[in-house]
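The values are calculated or read from the model by the stated rules, or taken from the named source; none is laboratory data. Source: prediction; values computed, not measured. All Cβ positions, glycine included, derive from the backbone under ideal geometry; neighbour counts span all protein chains shown. Side chains included, ligands, DNA and RNA excluded: accessible areas come from the protein's heavy atoms. Shrake-Rupley method; radii C 1.70, N 1.55, O 1.52, S 1.80 Å.
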Number of protein chains: 2
Amino acid sequence: MLALVLDGVPRLVHDHPRPARAPGEARVRVRLAGVCDTDLQLARGYMGYRGVLGHEFVGEVTECDDPRWRGRRVVADINAGCGFCADCATRNGHHCPTRTVVGILGRDGALAEELVVPDRCLVAVPDGVPDERAVFAEPLAAAVHVLDALAPGTASEGPVVVLGDGKLGLLIALALRAAGMSVVVVGRHAHKLAIARAAGAEVLLESEAPGELKGVPVVVEATGSEGGLARALGLLRPRGTLVLKTTVAGPLSVDLSPVVIHELRVVGSRCGNMARAIELLAEGRVDPTPLVAARYPLARADEALARAATKGTLKVLVEG
Amino acid sequence: MLALVLDGVPRLVHDHPRPARAPGEARVRVRLAGVCDTDLQLARGYMGYRGVLGHEFVGEVTECDDPRWRGRRVVADINAGCGFCADCATRNGHHCPTRTVVGILGRDGALAEELVVPDRCLVAVPDGVPDERAVFAEPLAAAVHVLDALAPGTASEGPVVVLGDGKLGLLIALALRAAGMSVVVVGRHAHKLAIARAAGAEVLLESEAPGELKGVPVVVEATGSEGGLARALGLLRPRGTLVLKTTVAGPLSVDLSPVVIHELRVVGSRCGNMARAIELLAEGRVDPTPLVAARYPLARADEALARAATKGTLKVLVEG
């Protein structure tokens, strides 16, 4: 089958073997996939991943032990836990020590004609949610998951500042707005910030971010840069919360003394709940389609990846 | 009066002016003071502090508006808040934006014949607590404050690992043991680790820290080093808590991707509750005296500071 395979460098492969389906797994024909910054980092060597790229997708189940899934349009939790460890038994397996992660860790991804995922990871997509929205379920779930990092009542104590107007920063802004929060997005691109503003967020160009933006209870760091981290620590009020959303491979230089002096909380936040994201999309409370920058057919997935790597590009989609 | 004054470099000054006492402040004759690593950092330029050094002390009130304090043996919260802001009104003023901090920020310290502190910062020392124990109230309060950074129930989920067998690391180990917690201290000096072991902690030499020490729920970083921070992040289980106890001036190089991938919480922790520390000392639940390495008279406070800066030295006390 056709697939975008990372093997040192990402290459479009025309005769990649169809994935084998194990019991308890569903074979999914990909309808639409998205390119994430993590894909770009993986292509640069992050995690040492080898295999088919892509972990944002909506598809159709073509083969499955449970006949009720067959023919259904689905998205999937990309974390495929063992199903038996403490994390899988009591939580969602997102921290299962032997998990595979679609397109990231030990499991082929979605920039291909098809992929296999465990049945238990599947989430059905209601008819009212078109592919172009459903394909955002994975990053939107990660965005909504920011809420889980906040102590109860935090939202009422001031605006949440989101640093970064990239794909993830904007989705976080939309998700927090959907939760009724007051949000300020600090970014570098007026046309991207306009997407957050349309959802009711206050927006500021980084170059103009004024001094009065200080002493806030929550900052979400979605730039993945040293500068963003330092800025975030400087914006928080004592005992405030910094939510770290962006994995950056390799060391950063950072002065952590404000964390001690102001007794800040820094909380890492990764993947979220896919069903919650689909619900937000189904209820029309988040519309991610303004983020779509370009669509490519799978046969040009390599170009799609290159386009996504172009500075300033928002979401690039790949049609299965 | 005699005082150890930091003015670019620390100097013993014989004719330093006696501090002026404002209404609501108490004049305290210092009986015994301690040297802290923060004093050494201040002497190297941290915070740009100028003034009398020293923030660990026990003394006797000689002058005070409220006659009930006169003649009493006291310790004091070193954070002198304005008394009126939100932090002072609803908490302890430790994050009051206009606070002074004894011997650290805008207020002369305790390595002197006397100092002044607000009445509201005073905590009486019961007769049963000798000076040599009471002088540890400030760092012990900071050590016990680690407990406030932990989510409820954390203690039952595994041992708390303390990185560092310096003064603060050991006091944290003693405080956590007094709270009934299972504690593992990782350090570099057998004779220091012996102090933690005597209080019931498990101890490990850093060079021998074995692989099975992994996946723990809580790590307290008290080395203040890049290596300690990296080690701490590597020891934690997913969703674990890293308590940062040591302020390090200037940037560190650190890979924060484990914070995101494993959704860790990093919580800064600074000063604690002095009354709680005095209570622990009065009840005999913590005995810090094994940490005393040397005592100097105030007239040799400069030597005391130099001795404290000698690698491997535990607590150096200065007699008023």
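The number of residues in region B:129-160 being closer than 29 Å to residue B:70 by Cβ, more than 18 Å from the chain's Cα centre (by Cα) and open to solvent by 40 Å² or more (accessible area, probe 1.4 Å) comes to 1.
Checked against the criterion of being open to solvent by less than 10 Å² (accessible area, probe 1.4 Å), touching a strand residue (DSSP E or B) at 6+ places or on another chain (Cβ under 9 Å) and free of Cβ contacts under 8 Å to residues at least 24 places away in the same chain, the candidates A:219, A:260 yield just one match: A:260.
Within region A:9-21, residues that are open to solvent by less than 40 Å² (accessible area, probe 1.4 Å) sit with their Cβ atoms under 8 Å from residues that are part of a loop (DSSP other than H, G, I, E, B), at 6+ positions apart or across chains, in these pairs: A:12/A:2; A:13/A:2; A:16/A:1; A:16/A:2; A:19/A:108. Going through (1) within 25 Å of residue A:253 (Cα to Cα); (2) part of a helix (DSSP H, G or I); (3) open to solvent by 10 Å² or more (accessible area, probe 1.4 Å) one by one, residue B:177 falls short only on (1). Checked against the criterion of being of a type in the set (A, V, I, L, M), more than 17 Å from residue A:278 (Cα to Cα) and open to solvent by 10 Å² or more (accessible area, probe 1.4 Å), the candidates A:110, A:86 yield just one match: A:86.
For residue B:268, the conditions (1) over 26 Å from residue B:176 (Cβ atoms); (2) buried (at least 16 other Cβ atoms within 10 Å of the Cβ) all hold with the exception of (1).
For residues in region B:156-172 being part of a loop (DSSP other than H, G, I, E, B) and not small (Gly, Ala, Ser), which is nearest to residue B:134 (Cα to Cα)? Residue satisfying both the conditions and the ranking: B:165.
Criterion applied to B:54, B:34, B:81, B:48 was being loosely packed, with under 14 Cβ neighbours inside 10 Å and either among the small types (Gly, Ala, Ser) or modelled with pLDDT of 95 or more (or both), and the one residue passing it is B:48.
Going through (1) in a strand (DSSP E or B); (2) within 21 Å of residue B:242 (Cα to Cα); (3) out of contact with any His (no Cβ under 8 Å at 6 or more places or on another chain) one by one, residue A:296 falls short only on (2). State whether the residues of region B:214-225 include one that is under 20 Å from residue B:246 (Cβ atoms) and of a type in the set (Ser, Thr, Tyr). Within region B:214-225, one or more residues are under 20 Å from residue B:246 (Cβ atoms) and of a type in the set (Ser, Thr, Tyr).
For region B:233-257, the tally of residues that are touching a strand residue (DSSP E or B) at 6+ places or on another chain (Cβ under 6 Å), buried (at least 21 other Cβ atoms within 10 Å of the Cβ), small (Gly, Ala, Ser) and at the interface with chain A (Cβ under 7 Å from one of its Cβ atoms) stands at 0. I'd like to know if region B:65-73 contains one or more residues that are part of a strand (DSSP E or B) and at positive phi. No, region B:65-73 contains no residue that is part of a strand (DSSP E or B) and at positive phi.
Conditions tested, residue by residue: (1) at pLDDT 95 or above; (2) out of contact with any Lys or Arg (no Cβ under 9 Å at 6 or more places or on another chain); (3) not β-branched (Val, Ile, Thr).
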| residue | (1), (2), (3) |
| --- | --- |
| B:123 | yes, yes, no |
| B:129 | yes, no, no |
| B:142 | yes, no, yes |
| B:145 | yes, no, yes |
| B:153 | no, yes, yes |
| B:164 | yes, no, yes |
| B:202 | yes, yes, yes |
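Return the residue satisfying two criteria in turn: it lies in region A:273-289 and is in a loop (DSSP other than H, G, I, E, B) and open to solvent by 40 Å² or more (accessible area, probe 1.4 Å), and of such residues it is farthest from the other protein chains (Cβ to nearest Cβ). It comes out as A:284. Which count do you get for residues in region A:59-102 that are touching a residue at least 24 places away in the same chain (Cβ under 8 Å) and either within 22 Å of residue B:259 (Cβ to Cβ) or within 12 Å of another protein chain (Cβ to nearest Cβ) (or both)? The total comes to 6.
Checking residue B:126 against (1) open to solvent by 20 Å² or more (accessible area, probe 1.4 Å); (2) closer than 22 Å to residue B:232 by Cα, which single condition isn't satisfied? The failed condition is (2). The listed residues are B:300, B:307, and the only one of them that is modelled with pLDDT of 95 or more, surrounded by fewer than 20 Cβ atoms within 10 Å (Cβ to Cβ) and in contact with a strand residue (DSSP E or B) (Cβ under 6 Å, 6 or more places away or on another chain) turns out to be B:307. Just one of the listed residues (B:295, B:270) is of a type outside the set (Phe, Trp, Tyr) and more than 14 Å from chain A (Cβ to nearest Cβ), and it is B:295. Taking the numbered list (1) under 24 Å from residue A:158 (Cα atoms); (2) touching a strand residue (DSSP E or B) at 6+ places or on another chain (Cβ under 6 Å); (3) aliphatic (A, V, I, L, M) in turn, residue A:280 passes all entries but (2).
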